[in-house]
1. Report, in degrees rounded to the nearest 10, the 0 to 90 angle that the Cα long axis of helix B:269-278 makes with the longest principal axis of chain B.
2. Is the shape of the protein assembly as shown best called rounded, prolate or oblate, per the rule: a/c under 1.5 gives rounded, else a/b larger than b/c gives prolate, else oblate, with a ≥ b ≥ c the square roots of the Cα gyration tensor eigenvalues?
3. For B:A124, what is the net charge nearby, where nearby means another residue's Cβ is under 9 Å from its Cβ and Lys, Arg count +1, Asp, Glu -1?
4. With charges set only on the Cβ (+1 for Lys and Arg, -1 for Asp and Glu), what does the dipole of chain B come to about its Cα centre, in debye to the nearest 20?
5. So what are the three principal axis dimensions of chain B from its Cα atoms, in whole Å, longest to shortest?
6. Jot down the radius of gyration and Dmax of chain A, Cα atoms only, both in angstrom.
7. Using a cut-off of 12 Å between beta-carbons, work out the net charge of the residues near A:T42 (Lys and Arg +1, Asp and Glu -1, A:T42 not included).
8. For B:Y68 and B:R315, compute 0.36 nm times the residue count separating them, minus their Cα-Cα distance, and round to one decimal in nm.
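Computed from the coordinates by the stated procedures, all read-outs in this text should not be read as laboratory data. Note that the structure is a prediction, hence the values are computed from the model and not measured. Cβ placement follows ideal geometry from the backbone for every residue including glycine, while neighbour counts extend to all protein chains displayed.
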Amino acid sequence: MQQIKRTKPKTYRSPDASIFYSVGIVLLAFVVLTFIVSLFATPYSPDATDAASKLLAPCPAHPFGTDNFGRDVLSRVMSASKYTIFISVAGVAISLILGTVSGIPAGYFGGLADRGIMLLGNSIMCFPGILLALVAVAVFGASVTNVIWALGLVFAPTFARVCRVGTMEIKELDYITHARVMGVKPLRIMTLHIFPNLVPQLLPATVIGLANMTLFESGMSYLGLGVQPPDASFGKMLSDAQAYIRVAPWLIVFPAMMLVFYILGLYFISEGLRVTLSKGGKR
Amino acid sequence: MQGKAGYFVGKLIELLVTLLLVSLLVFAAFSIIPGDTARVMLGPDASQAQVDLLRAELGLDRPLVIRYFSWLFGLFTFNPGTSYAYNMSVGELIAQRLPVTIGMSAVAMIMVILISYPLAVISARKPGRAGDQICSVIGHILFAIPPYVASLLLILLASSVFSLMTAGTYVKPSDDFAGYIGCLLLPSFAIALPKIAMSFKFLRSSIIEQRTADYVRTSKSHGLSDLKILVRHVLPNSNVSSITIISIILSDILGGSLIVEQVFNLPGLGRLLLSAISRRDFPLLSGIVFYLAFITVILYFISDIAASLADPRIRLK
């Protein structure tokens with residue numbers, strides 16, 4: 001009797017969404033505030049070299065130390081946050097637009113167009129990791145604009161998939177049938193009736209997309225195919241710092257910390273969103 | 001039986017169509033490059049006759065459709081042209097570099113499975129307990145660290161704390177197999193870290209979900225031990241979703257290894273890819289890109305088939 005009582009399956013509750021939100025927002029706020037401050041002022045100019053203060057360890061004058069050209073790491077980290085945030089937001093905006101524009105009609109109309117769009121999306125997803133984005137940059141040249149477009153294209157199928165599946169579920173609901181019977185045009189149904197109901201699914205996907213895009217962008221910048229010098233980016237800073245890994249570990253630690261804070265903050269927020277939105281019953 | 005065969009044939013057709021589309025995408029990407037390749041190779045001083053000769057030699061004077069099909073044929077006979085920069089067969093170049101990339105991915109995958117499975121099983125036994133919470137928090141953090149950053153941090157740790165320096169030394173598997181695996185351990189671990197977190201997370205939630213299922217309670221009331229229920233009933237049911245996750249992880253590992261090779265100075269496909277990009281060696285580049293995508297497509301295909309064998313209900317969808 002006691003045995004049965006003990007093994008009775010306890011329903012497991014995942015941690016409260018508010019924990020995820022608060023940790024995520026603190027981490028993200030740290031990076032975003034750095035970015036906002038960098039728009040107005042940085043302690044030193046991020047590109048100013050100073051032969052007298054090369055490879056200084058963190059000290060009151062240079063809280064994050066200096067690199068092999070005597071540039072202030074704090075100022076460079078601040079200016080690098082600009083590209084990280086800008087590229088991820090712009091890239092996600094592009095893939096969000098492409099994804100909804102292709103995914104909702106694919107799910108709504110079905111048929112051959114749906115097959116074609118999904119096949120194209122699946123083919124794009126067959127290129128592992130940053131491969132396709134690297135090729136695009138190799139062909140069209142490395143620049144911030146090209147990186148944004150390349151990443152936007154690479155991530156579009158993810159959003160298209162979310163939109164398509166969501167649309168296929170929603171279009172079976174009574175109020176859509178009712179709207180159709182009333183003679184509402186498909187375009188109006190898709191924009192006014194279906195899209196707003198996709199937002200709960202698109203929101204976590206967007207936040208995760210921001211994080212993944214940052215992973216990709218920093219990887220590309222690390223390889224020298226993303227943000228081009230002399231502009232600072234976390235990836236490029238880390239690849240430059242590698243030669244000094246033993247003498248100046250702070251060159252690695254601080255950019256890596258900012259990068260991980262940004263990505264981790266986004267992950268935590270998306271986790272919070274997932275918990276909040278799944279309270280409704282699904283999964 | 002009809003359904004099974006039909007499903008496999010359907011998947012096979014899907015595989016072929018996807019491969020064809022992937023090859024078209026790659027070919028199209030490299031056909032719209034601005035500029036004349038022969039002119040770029042010979043430089044601005046070459047005469048038009050020389051350029052035309054080289055164009056004919058490279059086969060660039062033929063119509064696009066014919067070039068596509070000859071390239072496609074070359075791909076499946078593992079001879080998709082000659083590299084401009086290395087003056088070697090693309091297939092041969094790739095075959096030379098493949099052991100590094102494949103070996104690293106395989107070691108990383110083994111690490112993912114060996115570490116994430118036991119952890120997930122232990123964590124899921126008592127969800128919400130301190131150990132589980134700690135694992136989950138560490139998992140979240142690891143998930144956010146890009147593989148190349150993890151590599152740098154590992155190098156930092158290895159060189160400063162343990163005073164080891166493994167980066168930059170590559171041992172060929174034919175020379176010393178143990179040394180080959182040894183030099184791949186650190187890079188593989190760096191790629192595996194975020195994927196361990198990912199696999200742990202999915203497996204853990206999948207086991208927790210299965211444990212509350214009715215059949216677990218029934219087995220329990222029939223007197224089966226916890227271990228037996230776990231091994232015979234819960235894990236096989238969790239496997240279905242983890243097959244899909246594993247194929248995604250494998251493709252991510254392959255993509256991640258391209259960057260991590262660069263950090264550790266390993267002569268794999270990633271470095272070949274980067275040198276092809278910087279030298280604008282398009283036959284080599286398109287070959288590498290296609291074969292990497294090819295491996296991924298095959299992986300997804302295998303995982304679809306494996307998932308359908310593990311859970312026949314998938315075939316009905």
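1. It works out to around 40 degrees.
2. Values: a/c = 1.42, a/b = 1.17, b/c = 1.22.
Since a/c stays below 1.5, the shape of the protein assembly as shown is classed as rounded.
3. Values: positive: B:R125, B:K126, B:R204, B:R211; negative: B:D132.
With Lys, Arg at +1 and Asp, Glu at -1, the net is +3.
4. Working: 25 positive and 18 negative charges, 272 e Å.
The calculation lands at about 1300 debye.
5. Cα spread of chain B along its principal axes, largest to smallest: 86, 61, 35 Å.
6. Looking at chain A, its Cα Rg and Dmax stand at 23.1, 79 Å.
7. +1
8. Working: separation 247, 0.36 × 247 = 88.92 nm, distance 3.49 nm.
Extra length available between B:Y68 and B:R315 comes to 85.4 nm.
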